[in-house]
Structure formats: structure tokens, C-alpha cells
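Below: the structure, in C-alpha cells.
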Amino acid sequence: MDGMIRTRLSLPTPPPGVVSRASTLGAQPETLLTVLSAPAGYGKTTLMAQWAAALHNGGGAFCWLTADIAMNAPNVFVRHLAEAASLEEAHSCEALMSALERRGPFSVFIDDLHLLSAPVRAQIMRLVGLSAPELRFIIGTRSAEGLTLARLRAQGAVTEIGASELKLSDDESAFFLQAAALSDNDARAMQARAQGWPAGLCLSIVAARAAGNHGRANAIADFFEEEVFAHLTDAERLFLTRVSVLDTLCAASCDAVTRGKDSRARLRRLAQAGFFLDFTDDTRTRYRLHPMFKAFLEEQAQELPGSEIAELHRRASVWLAETGELTAALVHTAKSGDIRRVADFLEANCEEMTYRGDIPVVARHAEALPREVLNQLPKTLLTLAWLTTRQLKFDETERLLEQAAKRIDALEHAGETPEATIALMRLMLKHRQTVLATARDDEMADVDSQSEDLLKELGDARPYLTCTLYSQMLTARYTQYRLDDFSRIEPSARSALTRSGYRFAAIGLQAALGAGLFHSGRTQAAREALEQALEEANRISGRLSGQAALAALPLSRILYEGDERERAEELIEGHLPVAREFGFSEQLHSGYLTLNRLRQAEGDIDGALRALDEGKRVALECNLARLSIGASTERIRIWLRTGRPDLALREGRREGLDVGVDDVSPRARSIQSDEIRAMAWTRLAVSRDRINEALTVTKRWRHFCISRGAIRTLVRWCILTAHICGARGDISAAKRVLHEGLNHAVEGRYLRSFIDEGPFIQKLIADGYAGAIDTRDPVEIFARDLLSRYPSAQHPIAVQEHVQAAEEGGMLGALNTREVEILRLVSCGLRNGEIGERLGLTEGTVKWYMQQIYDKVGVRRRPQAVERARQLGMLH
């Protein structure tokens, strides 16, 4: 056997099941004919040798024949095959088959079939057709051309193994490269280039280790020269070299680049002959060169005159543009080296490319232009302004808009540009100004009216812009709490999206819809819109892209509110780092504040504060008022809950919250930033014993939310009002307003809004709903679901059980030093005013501390709080 087998490529001996081709592709061929057809270096010979070795070790009979061009006469081939099988000379196929049948079970291995002529291949198929059931033919070839397999396929008598089956899996490639002791980056790069081609991995390792050895460094090029180019005609070599400028090959594109008319036949022949061409579609009309072979061809192309290379790229660009592949066309235009042509292409196509989601590509090529050239391209400048707005680079946006406006004025003054074109560019300028105002969260009433006016001016002329304007309107409406109007324009927005035909438009519009629907209590519809937007963004731009963050971060807030914390965390971890690539204030606000709440839910207060610090830094850097006040409000909430009212008051003073009731009450044009400020002010007011003023503000905001359909915000104000009522001892009022909040929260399933407000809210819910007769009332079902999710007790079913949990497991929240100090003075019989004088606190602050103590120990009276602290060893 050893003398009959010639293996051209030796892989390192792997552990069983890793790179062993026999173990991954079957121990032995089982059909009459097995054909291994793949380009050079895919391990065909190796696999056949492993099969032959297994036969030898098992006592099986076989012969091996490695073909060469000396066997290209049918009678010569039959003689060589007879010799390989140790048979007496056979002069015909019939005689050969008769002799083989007498051997019993027998396998015939024929390698390098592609070197044999068509008549010899036909003769081999005749041999197969004459074979007895006990015979097996195993053929290795770079091309299955000339093998008539249709009848054998119908009979299930042939097994076909191609490059896709022979290539190494990712795990196999990783093992193979690991044995080469390469760096992780080098290994990943080699794996990506080789795409499972075994010889490619071997040659890449050889080249990587060839420092100073020119011959070994050229191992890959030498392989393609010897194993591929040597078998091609001069015309075929030139054809492949020229079309290597293309990423995807088809007859039309290759004809366009080469100015030929026979590309279809050439491509078919090269693919059939196994010259590293793979089909890219089911129609088998489009091909892709293997990356390593393409790189080799591109090196060959460098030997062409520079003007010819530029012309090849120019032809490719023209053809691709005509077929609508604008991004690829732009790349080829840039490779042609003609700056003027790049500028003209950008100005003509930047708008359409933006609508398709390729704005980063436009920006990359536009920014490579000389400034004096770029400043002459108003549409391109407006495209860049759109991107810089999305990236929250507002100063750069203003500079670009100013330059675009100057250029439009100059074109209009020159009188050489059609009036319709000038009018359209001015509309685009207004559109970008509106997008900028939306991104800044600034003057949302103006954004709303400007968007409405632009919609009337545009009509149906620019469906993509229409979709974006609806996005701005929707954002403006929910930011202003005009959620009743939001519902009215939602059908028009969805209709515009359907008409636009641009998938990319769906991302921003669905993201805006999702945010507004969530605020209006339609959480399920909001989630569906955002999930669709995220799916679309992943399909167009890839996972964890800036475009995906448009949907992922608002979705994370919805998931957190529904207590789906694991996926919320996953979305934030993957998308918050890229949010500034293509986001608005809404995305950053959702991301940083939800991350803070996730950390608080884990008990990681330091982590929560770090998230807020980072959000605050971004807000100040980008001048985002809503994110800034949102981060400060969450800080205030943390400081108050952890017994640091001094830090909370200091934060409030920095935010200008030392104002009166009317300053934080809702107005007709109030926006989310105003409501967030009011929430912070109210918490601070309670800590300073301004209970009545705090209740006045909460009442006004609740009425405002009801009138505007702002359900989620209404729920939050109801919860805060319940807290305030409890702070002044009016438990009945607290229960009534909490019931109101629960009633509004049912449809939207605002779970964390309740859970995050701690033990007092838990106790109120338990008092009202735990242990009650099981009914199908939605509010009761929702309340019991809430109680089952509280971290302090798996099932806080009644007040008594709530207290028992505190006794058995410690206080519901650890008392800080100040709270223990106050409780010790309470145990001495001092009143709130006296305690305040002793500790340098106002009476209101002492009351606020007592409220925190009550929440943590699970009681509502001073003597009970003292006794509970003594039972738990906190007072002596």
C-alpha cells in the first residue's frame, strides 16, 4: 500500500475527532461511487489516504492509482489500473471488471482525475456502470466535469463531497492554528482569510514563520502559481487578473470590466475546473473568488499599467452604479484615484445611499476629499450634517449646515442650477435643522411645528424624509407629553413607512414609535415596534451597531420595567458603548438611567453612581439637558435612600432646584426634562418637611399626566404621592393613591416602578392585596405578581409575614449610622424637634429619617421601631 499512495499535503496528526477527515466525513465510503471534488489543497488526497489506511488495517482489499497526463489514452489507463490492482493485463473494461469481481469486496481509489482526458473519464464512468455491488470507486478530482452522475444520483449510488464538506470547521481551524503557537490576532486573521481551506492554513503558517526567508514568505503565491496558474491559458490568467477587482463576479460585471463578451462561458469553465470560484446564490450565476486567491490575483494586477487598473475600477463603478449597487460603486470610484469623479459621485448619490443606511460609507469617502472640494458639495455637506447630528457633534453640525447654506446661496446666485434643485436642497437644509433641534431635546414645540410644515412642503416627493419627519414629530409629541396627539399621527407614520420602501427608515421610525407607546401605557405594542427595529438594524448594519442602539437602548428600559433584567443588561452592555455613533438623547437617557437602576437592583450603589457619573459627563459634553437632569435626579434619589440628605440637597442646589412650587409645576409646554426636575424637587421637599408643597406638586403632575395620556409618568407620580402620604402618617390616603397607580400600571406592566421604591410600597401592596380571595381582577393579579418579585421576601403575603421576614433575616434595609443615632434618641423619649436640635437637623429632616427607618424595619410607629431595633441587637 505504501508504494501506491502519494499524499501531496500532510496535515499534523490531530487528536481523534478534531481534524481527522475520516472521522468527520465518514469512516468508509458506502456507495458505489464517491466523488471528492474541490480545488487544490482541500485534503482530498488526505481523506482518501485515511480511508485506504483504514481498509488496510481492517484487512480490506483495494488499489490506488494517481492519475497523470501519461494515462490520457483509454487503453493506457486501463493497463495502469490493472497494474495498480495487481491483475494480469486487461485489454478492455469488461475484462478488467470481470477480474475485479473475482476479488470479492474491493475498492478502487483514483486520485487527480482532473488530469485525465474526457474519453478516459467517460471510460471510468463505464467501469462504474459495469461494476458489481461489491465494488467501490473513490475518485479525487479538482473538477467533476465529464462525470455523468445523474442516473447514479437518482439511484442513490453516488456520494459527492465538495469544498464545503472538506473545509475545516471553525473549531478544527482553531485547533490547527493553536498548534502553530500564533498570536490570537494572527490566528483570527488567518482563519478569516483561509475560510476553512486546509492548504491555506498551512501556507499561511509557513509564510508567517518566514521572516528573512523570501522563498518561504512567498509560499502562498508560489502555490497559486504552480497549482492554479500553471493550468490556465494566458487569456484565462489575464481574465482572472482583471476581474479580481470585483468582489462578486457574474457574466455581466465581468463583461463590463474586461470589455469582453464571453465571460459567462469563462466563469463556468473556471468554476467547473476547480479554480477557487464559489457560487454565491442558488441561481449559480454569481461567483466569489476565495479570499486568498483574490489577494494573489490582486498582486498580479499590480503588474498591469496603473492607467489600466484605474480604468478597470472605473468600469466596475459604472456597471455597479447602473445596477443600483451604489456602495460598491463608490468604493471602485475611489480606487480609480480620480478625486473629481468621487466628488461628483457623492453629490449625485449621497442622498439615496443615506436612505439605504450607508451614510457612514458616504462620510468616510467625503471626509477623505480636500476641504475645498467638499465645500462645493451642498448635498454631501447636508449628509455629513445628518451623521454628525446623530453622533451628537452639534458644533460640527452647525458648521456643516452653515457651509451648505452658503453653497446653496452661491448656486442660486450663479443661476446655473435648476430652481427645483435649489428648492429641494433648501428643504433638505430645513430638514437637517429640524433633526438637530430634535437631537438636542431643545424647543420641542418648534420641532413639532417645523416637522408638520415640512411634511406639507415635501408631500410624497421624498418618502424617506417623510418617515424621518414623522420620527421627529413622534419624538416631539411624547417628549411634550402630547400622547393623545401621538396616537392620532401613529397610523400616518406607519403608512409613510410602508410607502417609503426603505428598510433603513423603519429603524428610526419604529424606535420613536416604541418610546412613545411605552410612555402612553401600550408597552406590548412598544416592545413589538422596538424588537422589529432592532431586528432590521441587525440585518442591515450588523449586531451591536450604532443603528441597532437606536432600538436596543429604549427596549432595554422596557425590559427592565417588566423585570426582565438579564436581557436588559445584555442590550445595554452591547449597545451603550456605540450609542453615540448614531443615537439621540433618548437612547443615551434610556441606556445610562436603566444601567443605574440595574446596578441599584443588584445592591451595587457604587456601580449605579458610576453609571450616573458617566451619563452626566456625556450630557455635559454634548449639552443634553434631559440626560443631565435625569442623572442628577437619580443621584438625589440614591442619596436620600442611603441616608445622605446633605449630598442630595447639594446636588439639588447645583441643578437649581431651590425654587418654589409654581416653578416645578406643569405648564402647557412642559417637556420630560421639566417633569424629571419636578420629581427631584419633590423628593427633596419631602426630606425638608415641605410635605404639603410636595403634595401640591404631585397633584398637579398627576392631573397633567391624566390629561395628556402619559400613563407611565402618572404611575410614577402616584407611587411618589403614596410615599409622601405615608410620611405624614396618612396610610389610608397612601393606599388610595397607590391603588390608582396600580390600576394605571396593569396594561403597561410597570413592575420595577413599584419594586424600586422599596419596603413601604411593598407593605402597602401587601396590606391591600396579599392573602385576599383569588379573583380574576387584573389589578389584583398584577399586585400579586408584584409581591412575588420583591427581593426582600419571596412571597410577602401579609403584613405579618412581612414583619416575620424582617425578624428572621434582619432589617429590610440596613440602618445607617445617622438612622441608628436618631432611633437611639427616640428610645430616650425625645421628640422630632428635640432630636433635630441635638443633631443640627431640621424637624422635617428628622421626620424624613423616621420614614426611612419605618420602611426598613417594617413598622409604622416609634415604639415598635425602637423595640424591633432592640430585638435585632441594634440598640442596647
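Here are the numbers for this structure:
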item	result
Filter pass, SER665 being modelled with pLDDT of 95 or more, touching an Asp or Glu at 6+ places or on another chain (Cβ under 6 Å), of a type in the set (Gly, Ala, Ser) and over 20 Å from GLU443 (Cβ atoms)	no
Qualifying position, being more than 20 Å from GLU561 (Cβ to Cβ), modelled with pLDDT of 95 or more, touching a helix residue (DSSP H, G or I) at 6+ places or on another chain (Cβ under 9 Å) and aliphatic (A, V, I, L, M), among LEU609, LEU640	LEU609
Criterion violated by ALA210 - all others in (1) surrounded by 15 or more Cβ atoms within 10 Å (Cβ to Cβ); (2) of a type in the set (A, V, I, L, M); (3) under 21 Å from VAL228 (Cβ atoms) satisfied	(1)
Within segment 765-876, helices (runs of 4 or more DSSP H) holding 1 or more residues that are of a type in the set (Ser, Thr, Tyr), touching a His at 6+ places or on another chain (Cβ under 8 Å) and modelled with pLDDT of 75 or more	778-789
Residue ID - farthest from ALA363 (Cα to Cα), chosen from residues in segment 410-419 that are open to solvent by less than 80 Å² (accessible area, probe 1.4 Å) and in a helix (DSSP H, G or I)	ALA414
Residue under evaluation ARG407, criteria (1) part of a helix (DSSP H, G or I); (2) free of Cβ contacts under 8 Å to residues at least 24 places away in the same chain, criterion not met	(2)
Hits in segment 602-612 - residues which are surrounded by fewer than 20 Cβ atoms within 10 Å (Cβ to Cβ) and either outside any helix (DSSP H, G or I) or within 26 Å of the chain's Cα centre (by Cα) (or both)	GLU602, GLY603, ASP604, GLY607, ARG610
Unique match (being in contact (Cβ under 8 Å) with a residue 40 or more places away in the chain and among the small types (Gly, Ala, Ser)) among ALA685, ALA678, ALA648, ALA710	ALA710
Residue within segment 748-761 that is in a helix (DSSP H, G or I) and over 39 Å from the mean Cα position of the chain (by Cα) present	yes
Scan of segment 672-683 for residues that are open to solvent by less than 10 Å² (accessible area, probe 1.4 Å) and hydrophobic (A, V, I, L, M, F, W, C), ordered by number	ALA678, MET679, ALA680, TRP681
Filter result for the condition that a residue is at pLDDT below 90, farther than 23 Å from MET97 by Cα and over 44 Å from the mean Cα position of the chain (by Cα), over ALA54, ALA22	ALA54
Conditions (1) open to solvent by 60 Å² or more (accessible area, probe 1.4 Å); (2) over 26 Å from ARG477 (Cβ atoms); (3) not small (Gly, Ala, Ser): number failed by PRO378	(1)
Failed condition for LEU369, given (1) buried (at least 20 other Cβ atoms within 10 Å of the Cβ); (2) part of a loop (DSSP other than H, G, I, E, B)	(1)
Residue list for segment 321-362, filter: outside any helix (DSSP H, G or I) and under 26 Å from the mean Cα position of the chain (by Cα)	GLY324, GLU325, ARG356, GLY357, ASP358
Top-ranked residue in segment 343-388 [being in contact with a Cys (Cβ under 7 Å, 6 or more places away or on another chain) and among the hydroxyl-bearing types (Ser, Thr, Tyr); ranked as nearest to ALA496 (Cα to Cα)]	THR383
Qualifying position, being of a type in the set (Gly, Ala, Ser), in contact (Cβ under 8 Å) with a residue 60 or more places away in the chain and on the phi < 0 side of the Ramachandran plot, among ALA506, ALA568, ALA515	ALA515
Count of residues meeting criterion [free of Cβ contacts under 8 Å to residues at least 60 places away in the same chain, open to solvent by less than 50 Å² (accessible area, probe 1.4 Å) and of a type outside the set (Val, Ile, Thr)] in segment 694-707	4
Only listed residue being open to solvent by 30 Å² or more (accessible area, probe 1.4 Å) and at pLDDT below 90, chosen from SER98, SER131	SER98
Criterion: open to solvent by 80 Å² or more (accessible area, probe 1.4 Å), of a type outside the set (S, T, N, Q) and in contact (Cβ under 8 Å) with a residue 12 or more places away in the chain - qualifying residue of ASP184, ASP170	ASP170
Checklist (1) open to solvent by 60 Å² or more (accessible area, probe 1.4 Å); (2) closer than 16 Å to LEU240 by Cα; (3) basic (Lys, Arg) applied to ARG315, failing item	(1)
Unique match (being under 21 Å from ALA506 (Cα atoms) and at pLDDT 90 or above) among LEU424, LEU411, LEU436	LEU436
Residues of segment 820-853 satisfying the condition of being touching a Gly at 6+ places or on another chain (Cβ under 8 Å) and not polar (S, T, N, Q)	GLU843, VAL846, TYR849
One residue from LEU513, LEU517 being assigned to a helix (DSSP H, G or I), at pLDDT below 95 and under 25 Å from GLU757 (Cβ atoms)	LEU517
Any chance GLN195 is without any contact (Cβ under 8 Å) to a residue 24 or more places away in the chain and under 33 Å from the mean Cα position of the chain (by Cα)	no
Only listed residue being at pLDDT below 95 and surrounded by 24 or more Cβ atoms within 10 Å (Cβ to Cβ), chosen from SER556, SER585	SER585
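The values are calculated or read from the model by the stated rules, or taken from the named source; none is laboratory data. Because the structure is predicted, anything quoted here is derived from the model rather than measured. Glycine also receives a Cβ, built like all others from the backbone with ideal geometry; neighbour counts cover every protein chain displayed. Protein only, heavy atoms only, side chains kept; ligands, DNA and RNA dropped before computing areas. Shrake-Rupley method; radii C 1.70, N 1.55, O 1.52, S 1.80 Å.
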